[in-house]
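Beneath this line is the structure, given in structure tokens, with notes to follow.
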Amino acid sequence: MNKRDPLAVLILGPTGSGKTALSLALAERFNGEIASCDSVAVYRGMDLGTAKPTPEERARIPHHLIDVADPSEPFTAGDYSRQARAVLRDIADHNKLPIVTGGTGLYLRALTDGLFTGPARQEDLRHRLRRSAERHGSAWLHRLLIRLDSASAQRIHANDTAKLIRAIEVCLTTRQPMSRVLGRDPLIGFRLLRIGLNPPRQELYDRLNQRCAEMFNQGLIQETRALLAGYGPIKALDSLGYRQALSVLLKGVSEETAIAEAQQGHRNYAKRQLTWFRREPGVHWIEAFGNDPETQRVASDLVQANL
């Protein structure tokens, strides 16, 4: 890292913690632009369930990586990393402050650390491995990986079928253990300032409960119905909120039950996000919401000290 490299601010934290409010405040003070880091906000037409910045907020400050793909299109962490890096460079080249905000930990990790650059997917091999696992049981894949690459087998849970298949695929394709061919492409050319939000847990849960109810009141079921009619039961609809709205449309679940399940799902997701983000290096944690004036003052001081 070079002291002359431009600064990029990463605002991280659980859903509902006020990352959007803080990013807007910092962007307005420091002539910044915002790059979303949300795996569902990339999809057009998925608005209510993602709590995207409102049209008014997006008019105040340029936002990037929102509405960049159709819901039926696969959009991977690798896709995000490539596009986000280009966006950050473009923002910095225009002498503005790049501010990355969002709660998808894998996307943030892909942006900053890069992803494993292994061989392309082998769909025939993957199909055979899935069929074998169905015949021999879920532990079969893990036992196979132990023989091929014991180091990777120690890192991957025996029930994580997707990661097991990928590891076996890499071993068989490259003819060497995946642990020997790991290679990443970390982000270079920026100084990274990580600011984390960790508001009081019960207050966060109360906000999440209220926000989930508002999503349904504002028409989440109708939005889901339109997506289902336009694209069918696509993978993107398995995300939080949409999954519960889909259960109303397809399974006859009551809206009241769906709201309660969405609220519980968002609370659980917030816990997982905090667990993930605590592993991020060098985070300046603020124990409050992003719309709190004191939070914005502390964050502004951090940015000013690093410019």
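The values are calculated or read from the model by the stated rules, or taken from the named source; none is laboratory data. This one's a predicted model, so the numbers in the text were calculated from it and none came from an experiment. Note: ideal-geometry Cβ built from the backbone for every residue, glycine included; neighbour counts use all protein chains shown.
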Say we look at region 68-90 and pick out the residues that are hydrophobic (A, V, I, L, M, F, W, C) and assigned to a loop (DSSP other than H, G, I, E, B); which of these is surrounded by the most Cβ atoms within 10 Å (Cβ to Cβ)?
-> PHE75
For region 195-306, please list each of the helices (runs of 4 or more DSSP H) lying entirely inside it that holds at least 3 residues being farther than 30 Å from ASN31 by Cβ.
-> 201-217, 220-231, 242-251, 255-277
Log entry, pairs with first residue in region 10-21 being closer than 19 Å to ASP113 by Cβ, second being surrounded by fewer than 24 Cβ atoms within 10 Å (Cβ to Cβ) and of a type in the set (D, E, K, R), beta carbons closer than 8 Å, six or more apart or on different chains, reads LEU10/ARG194; LEU12/ARG194; LEU12/GLU280
Within region 236-254, how many residues are aliphatic (A, V, I, L, M) and farther than 25 Å from GLY103 by Cα?
-> 4
Looking only at residues in region 164-204 that are surrounded by fewer than 16 Cβ atoms within 10 Å (Cβ to Cβ) and basic (Lys, Arg), which one is nearest to HIS127 (Cα to Cα)?
-> ARG175
Residues that are on the phi < 0 side of the Ramachandran plot and of a type in the set (D, E, K, R), drawn from region 151-203 = ARG155, ASP160, LYS163, ARG166, GLU169, ARG180, ARG184, ASP185, ARG191, ARG194, ARG201, GLU203
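Answer yes or no: is there a residue in region 220-231 that is on the phi > 0 side of the Ramachandran plot and assigned by TED's automatic domain parsing to the domain that holds THR50.
The initial filter retains those residues of region 220-231 that are on the phi > 0 side of the Ramachandran plot, namely none.
No, the conditions are met nowhere in region 220-231.
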Residues that are free of Cβ contacts under 8 Å to residues at least 24 places away in the same chain, under 14 Å from MET46 (Cα atoms) and aliphatic (A, V, I, L, M), drawn from region 233-263 | LEU246
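Being in a strand (DSSP E or B) and out of contact with any Phe, Trp or Tyr (no Cβ under 6 Å at 6 or more places or on another chain) is the filter; apply it to region 97-133 and report the residue that is farthest from ARG4 (Cα to Cα). Spell out the reasoning first.
Here is the first cut: in region 97-133, the ones in a strand (DSSP E or B) are 97-101.
Still in the running and out of contact with any Phe, Trp or Tyr (no Cβ under 6 Å at 6 or more places or on another chain): 98-101.
Numbers: PRO98: 15, ILE99: 18, VAL100: 20, THR101: 23 Å.
The qualifying residue farthest from ARG4 (Cα to Cα) is THR101.
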Which residue, of THR54, THR50, THR20, is more than 25 Å from GLU294 (Cβ to Cβ) and of a type in the set (Ser, Thr, Tyr)?
-> THR50
Determine whether ASP93 is of a type in the set (Asp, Glu) and either surrounded by 12 or more Cβ atoms within 10 Å (Cβ to Cβ) or in contact (Cβ under 8 Å) with a residue 12 or more places away in the chain (or both).
-> no
Within region 258-298, can you find the residues that are among the small types (Gly, Ala, Ser) and in contact with a Cys (Cβ under 9 Å, 6 or more places away or on another chain)?
-> ALA260, ALA262, GLY265
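Could you please let me know if LEU141 is part of a helix (DSSP H, G or I) and either touching a residue at least 40 places away in the same chain (Cβ under 8 Å) or in the same structural domain as GLY241 (by TED's automatic domain parsing) (or both)? Break it down stepwise before answering.
Numbers: part of a helix (DSSP H, G or I): yes; either touching a residue at least 40 places away in the same chain (Cβ under 8 Å) or in the same structural domain as GLY241 (by TED's automatic domain parsing) (or both): no.
The answer is no for LEU141.
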Candidate set from region 149-163 (those that are in a helix (DSSP H, G or I) and surrounded by 19 or more Cβ atoms within 10 Å (Cβ to Cβ)); member that is modelled with the highest pLDDT = ALA153
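Here is a yes/no grid of residues against (1) within 30 Å of LEU246 (Cα to Cα); (2) within 23 Å of the chain's Cα centre (by Cα); (3) free of Cβ contacts under 8 Å to residues at least 24 places away in the same chain; (4) exposed (fewer than 12 other Cβ atoms within 10 Å of the Cβ):
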residue: GLN273; (1), (2), (3), (4): yes, yes, no, no
residue: HIS284; (1), (2), (3), (4): no, yes, no, no
residue: GLU294; (1), (2), (3), (4): no, no, yes, yes
residue: SER300; (1), (2), (3), (4): no, no, no, no
residue: VAL303; (1), (2), (3), (4): no, no, no, no
Mind listing just one residue for me: the one in region 32-67 that is of a type in the set (Gly, Ala, Ser) and part of a strand (DSSP E or B) and, of those, nearest to the chain's Cα centre (by Cα)?
-> SER36
